[in-house]
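A single structure is presented below for examination.
The values are calculated or read from the model by the stated rules, or taken from the named source; none is laboratory data. On a predicted model such as this, the values are computed, not experimentally measured, just so you know. Backbone-built Cβ (ideal geometry, glycine too); neighbour counts: all protein chains shown.
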Amino acid sequence: MNNSLANTARLLGAGLRALLVLTLVTGVVYPLVVTGVAQGLFPSRADGSPVREDGRVVGSSLIGQRYDLPLAKGQQTPRADLKWFQGRPANGLAANSVNTRYHLLVSGATNLAADNKVLVAQVRAARAAVVKDNSVPGHPVSPTQVPADAVTSSGSGLDPDISPQYARLQVRRVAERNGLPVARVRKLVEDHTEGRTLGFMGEPRVDVLRLNIALRELVAGH
């Protein structure tokens, strides 16, 4: 009997020591080493790829932002602030009170089928809004000019980039709203257009946050 109790106590002691050692290694040492290496080699990425303006963080290059007008009294859905370049629609899975930019509970697509009536209605409404918002006197926008990324959300629902086609479609509207020459705004888009990764992966893209920061600077210096 005493021998059985001694063996049990010895096994419990060994298990407790193993638990403490593994907790220390995997819960303290390993995270500190990984964090230290990440901060040493990739500090910006380790911190969430922050984008700074005037020395303060204004967003992340990995997460899109909305550019809306303040809600009016009794208004449920904010209207887009058309003096800024607009990103992709953010049709996420659910809403929360934490991500105040995109109001998403989980990063993800809508999971609606291509022929789903809700999705079709969303796309048609988004296309009509893009046509209306970006048509300026003497330069109407045709529905056939609206690219797919202007009316559909990305797989993550948080895409920070838009296509160069969608950015160029917004140039005249942004120029008019800010009292800027169209040529200068168009060049701003060209300067912020990134090519395919390594020359062959993905598609050309424009980071909306960085583009709008440059637009703000252009307006301030105009």
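If you check D191 against the conditions, is it charged (D, E, K, R) and either modelled with pLDDT under 95 or touching a strand residue (DSSP E or B) at 6+ places or on another chain (Cβ under 8 Å) (or both)? Write out each step before concluding.
Values: charged (D, E, K, R): yes; either modelled with pLDDT under 95 or touching a strand residue (DSSP E or B) at 6+ places or on another chain (Cβ under 8 Å) (or both): no.
No, not satisfied.
While we're here: Criterion first (under 28 Å from E53 (Cα atoms) and either without any contact (Cβ under 8 Å) to a residue 24 or more places away in the chain or outside the structural domain of V57 (by TED's automatic domain parsing) (or both)) does R196 satisfy it?
Details: under 28 Å from E53 (Cα atoms): yes; either without any contact (Cβ under 8 Å) to a residue 24 or more places away in the chain or outside the structural domain of V57 (by TED's automatic domain parsing) (or both): yes.
For R196, the condition - under 28 Å from E53 (Cα atoms) and either without any contact (Cβ under 8 Å) to a residue 24 or more places away in the chain or outside the structural domain of V57 (by TED's automatic domain parsing) (or both) - is met.
Here's another thing I want to ask about it. Against the condition assigned to a loop (DSSP other than H, G, I, E, B) and at pLDDT 95 or above, how does L180 come out, does it pass?
yes
Another one. Considering segment 97-107 alone, what residues qualify as being out of contact with any Gly (no Cβ under 6 Å at 6 or more places or on another chain) and either at pLDDT 90 or above or not polar (S, T, N, Q) (or both)?
Result: V98, R101, Y102, H103, L105, V106.
Could you grab me the full set of residues in segment 1-52 that are among the polar types (S, T, N, Q), assigned to a helix (DSSP H, G or I) and closer than 30 Å to D159 by Cβ? Spell out how you get there, then give the answer.
Restricting attention to segment 1-52, the residues satisfying the condition of being among the polar types (S, T, N, Q) are 2-4, 7-8, 23, 26, 35, 39, 44, 49.
Those still in the list that are assigned to a helix (DSSP H, G or I) too: 2-4, 7-8, 23, 26, 35, 39, 44.
Result: T35, Q39, S44.
Looking at the structure I just gave you, is T152 part of a loop (DSSP other than H, G, I, E, B), among the β-branched types (V, I, T) and farther than 15 Å from L82 by Cβ?
It is true that T152 is part of a loop (DSSP other than H, G, I, E, B), among the β-branched types (V, I, T) and farther than 15 Å from L82 by Cβ.
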